1. Between the alpha-carbon centers of region 1-27 and region 31-59, tell me the distance in whole angstrom.
2. Would you pull out the residues with amide H under 5 Å of residue 32's amide H, same chain only if 5 or more places away, H placed 1.01 Å from N?
3. Per residue, how much accessible surface does the chain expose to a 1.4 Å probe? Answer in Å², no decimals.
4. Let me know the charge dipole size of the chain about its Cα centre in debye, to the nearest 20, where only the beta-carbon of Lys, Arg (+1) and Asp, Glu (-1) is charged.
5. Whole-Hz ³J(HN,Hα) for each residue in region 55-65, computed from phi via Karplus 6.51 cos²θ - 1.76 cosθ + 1.60 with θ = phi - 60°, x for glycine and proline: what do you get?
6. Provide the per-residue ³J(HN,Hα) series for region 10-23, in order, calculated from phi with Karplus coefficients 6.51, -1.76, 1.60 and θ = phi - 60°, each as a whole number of Hz, with x at glycine and proline positions.
7. Rounded to the nearest percent, how much of the accessible area of the chain (1.4 Å probe, protein heavy atoms only) is carbon and sulfur?
8. Mind listing the phi-derived Karplus ³J(HN,Hα) values for region 24-30, rounded to whole Hz, using 6.51, -1.76 and 1.60 with θ = phi - 60°, and x for any glycine or proline?
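The values are calculated or read from the model by the stated rules, or taken from the named source; none is laboratory data. What you see is a predicted model; the values in this text were computed from it and never measured. Here the Cβ is made from the backbone with ideal geometry for all residues, glycine too, and neighbour counts use every protein chain on show. Accessible surface is based on the protein model in full, side chains and every heavy atom, while ligands, DNA and RNA are left aside. Shrake-Rupley method; radii C 1.70, N 1.55, O 1.52, S 1.80 Å.
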Amino acid sequence: MTEPVHIRTAAARVILKCSQRTIIRMVEDGRLVPVQKFPTQTGGYMFDRADVVALAAAQDKAAAP
């Protein structure tokens, strides 16, 4: 089975190893751009999996000594 192209916030949190609030801050400051925002009161996000994986790799690289 192939991995989904778009993922929800919960999956992005696992990949990025961060909290939901950190994901929201990343969206607010433009580090992470959602492909969709749900029109509900809580307004969840969908992200391109490749973008999330690339951001995680960049963070890991920046954290390496």
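1. 6 Å
2. Amide H neighbours of residue 32, under 5 Å, 5+ apart: 27.
3. Spelled out: the 1.4 Å probe surface of the chain, per residue, equals 72 Å².
4. Values: 9 positive and 6 negative charges, 38 e Å.
Dipole size: approximately 180 debye.
5. Once rounded to whole Hz, the list reads 5, 4, 5, 5, 5, 5, 5, 5, 7, 5, x.
6. 4, 5, 5, 4, 5, 5, 8, 6, 8, 7, 4, 4, 5, 4
7. Values: 2700 of 4680 Å².
Ligands and nucleic acids excluded, carbon and sulfur reach 58 percent.
8. So the J values, rounded to whole Hz, are 4, 5, 4, 5, 4, 9, x.
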